[in-house]
1. Yes or no: A:Ile6 crowded, with 18+ Cβ neighbours inside 10 Å, closer than 25 Å to A:Gly140 by Cα and at pLDDT 95 or above?
2. I'd like the full set of residues that are of a type in the set (Lys, Arg) and in a helix (DSSP H, G or I), limited to segment A:202-229.
3. Restricting attention to segment A:91-122, report how many residues are more than 13 Å from every other protein chain (Cβ to nearest Cβ), touching a residue at least 40 places away in the same chain (Cβ under 8 Å) and not hydrophobic (A, V, I, L, M, F, W, C).
4. Find the residue count for segment A:1-11, including only residues that are touching a residue at least 60 places away in the same chain (Cβ under 8 Å) and not in a strand (DSSP E or B).
5. Can you give me the number of residues within segment A:313-339 that are charged (D, E, K, R), without any contact (Cβ under 8 Å) to a residue 60 or more places away in the chain and within 14 Å of another protein chain (Cβ to nearest Cβ)?
6. Out of A:Ile122, A:Ile83, report the one residue that is in the same structural domain as A:Ala12 (by TED's automatic domain parsing), farther than 30 Å from A:Phe249 by Cα, part of a helix (DSSP H, G or I) and touching a Leu at 6+ places or on another chain (Cβ under 8 Å).
7. Could you say which residue among B:Ala183, B:Ala133 is within 20 Å of B:Arg240 (Cα to Cα), assigned to a helix (DSSP H, G or I), in the same structural domain as B:Ala12 (by TED's automatic domain parsing) and not hydroxyl-bearing (Ser, Thr, Tyr)?
8. If you scan segment A:138-179, which residues turn out to be closer than 30 Å to B:Asp86 by Cα, out of contact with any Asp or Glu (no Cβ under 9 Å at 6 or more places or on another chain) and at pLDDT 95 or above?
Number of protein chains: 2
Amino acid sequence: MDLVNIDLGDRAYRILIDENINLIQHLENVSSKSRVAVVITNTTVGGLHLNRVVGLLACVFENVRVIELPDGELYKSWDSLNIIFDSLLHWQCDRKTILFALGGGVIGDLTGFAAATYMRGIPFVQLPTTLLAQVDSSVGGKTAINHPLGKNMIGAFYQPQLVVCDLSTLSTLPDRELRAGLAEVIKYGPIADVAFMEWLEQNLNAVLAKETAALAHVVQRSCEIKAWVVGQDEKESGLRAILNFGHTFGHAIEAGMGYGVWLHGEGVSAGMVMAAELSRRLGLIDSEFVQRLITLIQRAGLPAKGPVIDVGDNAGRYLELMRIDKKAEAGEIRFVLIDGPGKAVVRTAPDSLVREVIDACCE
Amino acid sequence: MDLVNIDLGDRAYRILIDENINLIQHLENVSSKSRVAVVITNTTVGGLHLNRVVGLLACVFENVRVIELPDGELYKSWDSLNIIFDSLLHWQCDRKTILFALGGGVIGDLTGFAAATYMRGIPFVQLPTTLLAQVDSSVGGKTAINHPLGKNMIGAFYQPQLVVCDLSTLSTLPDRELRAGLAEVIKYGPIADVAFMEWLEQNLNAVLAKETAALAHVVQRSCEIKAWVVGQDEKESGLRAILNFGHTFGHAIEAGMGYGVWLHGEGVSAGMVMAAELSRRLGLIDSEFVQRLITLIQRAGLPAKGPVIDVGDNAGRYLELMRIDKKAEAGEIRFVLIDGPGKAVVRTAPDSLVREVIDACCE
């Protein structure tokens, strides 16, 4: 069993990483006074993993309830949140009720936000079943739902009690989703750890073949880096923003194409190339490093070029969407750039240069 | 200028108490980087105070926006929250935007919850214009909206940057609302400070006549007691629950009658009498103290008897509604009781005894 500690004082918690984890052996600190567990999942993940999880929880909790939502980013919504609240109130769930998020980033973010706001906060546990969720979204306490005018616009910083990364769940993960999750893994190298980038370059085939030892290292090292960043800046007043490398462009791609057309990790991949190219044009890195990143992204089967999201003024549309990004300030876009391999910096850039980068990086 | 400090580490803030406060002299620590202020108010309060507030804020902020909602508890809702989010996104408000809650408890709770969740948290300032909000709801960081199945069911603990209690706003407050606010003032005596209860007994006429010095003392002492409690238990894991004296019964009254029929403070008043009577029957206080509380409540023009909310099984309906209160655990109702004058205790009580109390205290 691999273990990563998230050190946040009275909000500290552990990430467990292994195959076939027996969840209930690790719930002592979580469930002391609760008799009710509510598992929130989607129909796809539920069909694969719900029976096992409910069976385990039934050994500990008097009452195990299930909320099964449709699958997809579309359901990370106000309406889904209301379905959760209505169910919890209908079942007379009190403040000691524990929510279990069984699924990928959508289920994790939505369940976390429900936990953050139901009766002003109840405990929750992350049971991430996708690579993306195991290496990124289930860790660090960012919870949210989407708004028609922007992704993750409504949310809260709210930490789980425990994160259980069961590598066995990745065996049923569709190939496209595994690759999309790898985008967030690739991300950690350029911003924080070039040695990890080298390891990935050497072991990518084992990861793509879902070899357990390789997956375990990918999840553990990703969580360690994220834990290190979040431990210093829980609420993204500074350093934490570096985790958004590739995300400013990536969110524009997702929003511009319509949520769900490109997967999050696919948008981030093309976005990382754009951010790297912008870094190069600002003199922060050389073209060799940009090419190295592109090669890794392409080997992972991920897009290195962004889509054209507006046939009239493509770069203008990207800029427009990036200006309403949460990280923008007074309409100024704040880019996470690479300031030499393994080091990130957050800064602005002239619109004209950003336009050139977008023109060069879309097809 | 009176001043109360809320000591919550990196979430510490000040409460300012005075007449005709020039808001902008106290915004240095709040507005350092923001250029946009959004005032959220209702049509009633807006008509009285909006021009002055917007005029002041326009001296500091490049851009002052206003969201005016209809007046009433009915609008502490999901729909109002959506109106706020839609407006903020439409105006491209970023994380540096500051919200100003100009109004009573409904506006303060709603604005606070919007601030807690817009882009995972933006700063907000409380400008309470009712006695209830000045002595209770604007202080301590409880934010929420109502759900059809329960009051304040969806919310967050989220502290404001500053609370400005301008006593001048109380001059236009309707008499019924002033009295309802006094219920929360009366509350502090039995649970924490018998000397303050004595002061109230001696100075109630000056308070009801809205004499400035009396109002200033009422607001200051109430905020001091609340600050002392919240400073020890921000998220209500223990001590803070004593502030709900009268509220368990009171919420049942509000819900049972339909929100808005009884004002919150009116429900709390009758609820305090029920809680005191329950304390007496459990042997915690004598009948003299119960009568003293009833006398003070009646002198303040507040109801000492609860309404009949179900002609069939009135006590049963009260119990049913109290079991879905947020403070209930596994269906067990946790009552805030008086354990000798000036001291509160949280405990359960047998249903049969609670039924007797309700039967004795309703008409």
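The values are calculated or read from the model by the stated rules, or taken from the named source; none is laboratory data. Please read all numbers here as calculations on a predicted model, not as lab measurements. Methodologically, a virtual Cβ is constructed for each residue, glycine included, from the backbone with ideal geometry; neighbour enumeration extends over all protein chains shown.
1. It is false that A:Ile6 is crowded, with 18+ Cβ neighbours inside 10 Å, closer than 25 Å to A:Gly140 by Cα and at pLDDT 95 or above.
2. Listed by number, the residues that qualify are A:Arg221, A:Lys226.
3. Qualifying residue count, segment A:91-122: 4.
4. 3
5. 4
6. A:Ile83
7. B:Ala133
8. Across segment A:138-179, the qualifying residues are A:Ile154, A:Ala156, A:Tyr158, A:Pro160.
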